[in-house]
Amino acid sequence: MNNMNADEKIRVAVVGAGAFGRNHARIYAELQRAGEPVELLALVDQNRARAEAVLGELGLSGAIRAYSHVDDLLADPANLHITAASVAVPTGQHLQVSQTLMQGGVDVLIEKPIAATLNDAGEMIATAERTGRIAMAGHLERFNPAIRATLPLVTRPMFFEVHRLSVFTPRSLDVDVVLDLMIHDLDIVLWLVRSPIREIRAVGIPILSSKVDIANVRVEFGTGCVANFTASRVSTERVRKLRFFQPRQYVSLDYGRRDVFSLSVQPAEPPANDVAPPVPGFDIALPSGFRLVPSRPRIDDEEPLRSELRAFLDAVRTRSAPPITLEEARAALAVALEIQEQIANHTRRAGII
Ligand SMILES: NC(=O)c1ccc[n+]([C@@H]2O[C@H](COP(=O)([O-])OP(=O)(O)OC[C@H]3O[C@@H](n4cnc5c(N)ncnc54)[C@H](O)[C@@H]3O)[C@@H](O)[C@H]2O)c1
């Protein structure tokens, strides 16, 4: 397929009208209202009444069609000529829905985790290759403005401390907390460290659901970098924080507050003070010739999902590789599955079940 003209509208559908699909539909509609070359034409949910209710809530009833199956969408005699779609159905359905779409000539943005098994992920990748479709993974935190502002600071991360805690809701219970929440941070840390994994240790237990609801994981990379991850979906508070240390620098980011703070040790200028002047709030005397430099990078304010959908539409328009490939998503999935195995081993060793 050739590049599209810059003003040619990309005709999109959203599949899955649940908690997250609703957000995809809302943002496509917002982009359309803002004059971007995109047109939301269909919302698909096996519970068609839910799709219709979501369209009503978004003020889109009448303008956009609701379907109960992707086959119905593709076979509609009114042929909507859909060229791109977001897949926001439960993880176990991602392969079947995205394959049907790709085989029907539709480019896809597949929510994270792209699949629950490496086989499914592999089949998805093979289908994208065979059909020549653009297929992007929806690892949303890559578009978090705090992560974007952190990228230029990354030099040689050696130690990560990552927390993602949320209160219990009866959603995404088809997967455990590793595939539901920790996968966000696994993708981010793999992306920042870019090194093979040497060792994984993990503990996790079910609390309110039948699957692991809270997990703590230690990952050691080939570079020697160590990352500790804690993820919980049974917390009393909401926390989404990532902190890391690299030579002479500490960086702390809060995904939720979209805030980044860094503290670096730098040669003092002018040098040769006996003791570097104290930084307000960091009243620490450093050895001669050094000072502590705190900084808060400027943070853009765009909603991460909006940035993600724009990046997807851009890849569709230009027929270029999307910013998050299915191969990268498969790599994060492989680590998540290895973590699940280590949790199972730990559970057996500890005689919990
Ligand atoms: N990126 C993020 O931060 C983020 C956040 C939440 C959820 N998600 C992901 O989005 C996906 C959906 O999660 P959710 O919380 O919206 O789930 P949900 O259960 O609220 O909604 C899923 C919807 O899909 C529909 N559905 C199921 N199978 C279908 C099929 N074959 N065809 C059409 N519709 C079908 C269901 O009826 C339901 O309405 C999951 O993969 C989840 O991991 C991502």
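What is the spin-label model distance, in nm, from Asp76 to Asp314 if the labels are put 7 Å beyond Cα along the C-beta direction?
Result for the modelled spin labels: 2.9 nm.
Would you mind checking the radius of gyration and Dmax of the stretch 1-78 based on alpha-carbon positions, in Å?
In order Rg, Dmax, the Cα atoms of the stretch 1-78 give 12.6, 37 Å.
How big is the stretch 138-204 along each principal axis, measuring the range of its Cα positions in Å and listing the largest first?
Here the spans come out as 39, 30, 19 Å, largest first.
Percent of accessible area on the chain owned by carbon and sulfur, 1.4 Å probe?
On the way: 8190 of 16190 Å².
That share works out to 51 percent.
Per residue, how much accessible area does the chain show when a 1.4 Å probe rolls over the protein heavy atoms, in square angstrom?
Working: 16190 Å² over 353 residues.
Value returned for the chain: 46 Å² of accessible area per residue.
I'd like the orientation of helix 304-318 relative to the chain: the angle between its Cα long axis and the longest Cα principal axis, in ° from 0 to 90, rounded to 10.
For 304-318 against the chain, the angle is about 60 degrees.
Round to a whole angstrom and tell me the spacing of the C-alpha centers of the stretch 230-244 and the stretch 186-212.
13 Å
Roughly what % of Cα-Cα distances in the stretch 84-178 sit above 15 Å, to the whole percent?
Values: 3023 of 4465 pairs.
Above the 15 Å cut-off, the stretch 84-178 has 68 percent of its Cα pairs.
For the stretch 1-160, state what percent of all Cα-Cα pairs lands in each successive 10 Å bin, counting from 0 Å until the bin that includes the largest distance.
For the stretch 1-160, the binned pair fractions read 10, 36, 34, 15, 4, 0 percent.
For the stretch 167-225, what is the Kirkwood hydrodynamic radius in Å, using each pair of distinct C-alpha atoms?
Roughly 12.6 Å, rounded to one decimal.
Sorted by average packing, counted as other Cβ atoms within 10 angstrom per residue and highest first, what order do 246-258, 132-144 take? Walk me through the numbers on the way to the answer.
On the way: 246-258: 16.7, 132-144: 22.4.
Those peptides, ordered most packed to least, come out 132-144, 246-258.
Just subtract the alpha-carbon distance of Glu302 and Gln96 from 0.36 nm times their residue separation and send over the number in nm, one decimal. All intermediate terms of the calculation are to be shown ahead of the outcome.
Numbers: separation 206, 0.36 × 206 = 74.16 nm, distance 3.19 nm.
Result: 71.0 nm gained on full extension.
First measure r as the distance between the Cβ atoms of Arg130 and Ser295, then evaluate 1/(1 + (r/R0)^6) with R0 = 45 Å and state the FRET efficiency to the nearest 0.05. Mind showing how you got there, number by number?
Working: r = 48 Å, r/R0 = 1.06.
For R0 = 45 Å, the calculated efficiency reads 0.40.
Helix 48-57 sits at what angle to the longest principal axis of the chain, using alpha carbons and giving 0 to 90 degrees rounded to 10?
Once rounded, the angle reads 60 degrees.
Helix-only mean residue ellipticity at 222 nm, the chain, DSSP H runs n ≥ 4 weighted -39,500 (n - 2.57), per residue, nearest 500. What is it?
Computed ellipticity for the chain at 222 nm equals -10000 deg cm²/dmol.
Hey, in the GNM for the chain with a 10 angstrom Cα cutoff, which one of Asp76, Asp176, Asp213 fluctuates hardest?
In this elastic network of the chain, the residue with the biggest mean-square fluctuation among Asp76, Asp176, Asp213 is Asp76.
List, largest first, the extents of the alpha carbons of the chain along their principal axes, each in whole Å.
Principal-axis extents of the Cα atoms in the chain, largest first: 80, 55, 38 Å.
For q = 0.13, 0.14, 0.17, 0.19 Å⁻¹, what log10 I(q)/I(0) does the stretch 152-281 give under the Debye formula with an equal point scatterer on each alpha carbon and no solvent?
Once normalised to I(0) and log-transformed, intensities are -0.62, -0.70, -0.92, -1.06.
Using the Cα atoms of the stretch 38-122, I'd like the radius of gyration and the largest Cα-Cα distance, Dmax, both in angstrom.
When restricted to Cα atoms, the stretch 38-122 yields Rg and Dmax of 13.1, 40 Å.
Each residue of the stretch 17-30 in turn: what ³J(HN,Hα) in whole Hz from Karplus with 6.51, -1.76, 1.60 and θ = phi - 60°, glycine and Pro shown as x?
Using θ = phi - 60°, the values come out as 10, x, 3, 8, x, 4, 5, 4, 4, 4, 6, 4, 5, 5 Hz.
The values are calculated or read from the model by the stated rules, or taken from the named source; none is laboratory data. All figures in this text were calculated on a predicted structure; none of them were measured in a lab. All Cβ positions, even for glycine, are placed from backbone atoms using ideal geometry, and neighbour counts span all protein chains on display. We work out accessible area using only protein heavy atoms, side chains counted, and drop any ligands, DNA or RNA first. Shrake-Rupley method; radii C 1.70, N 1.55, O 1.52, S 1.80 Å.
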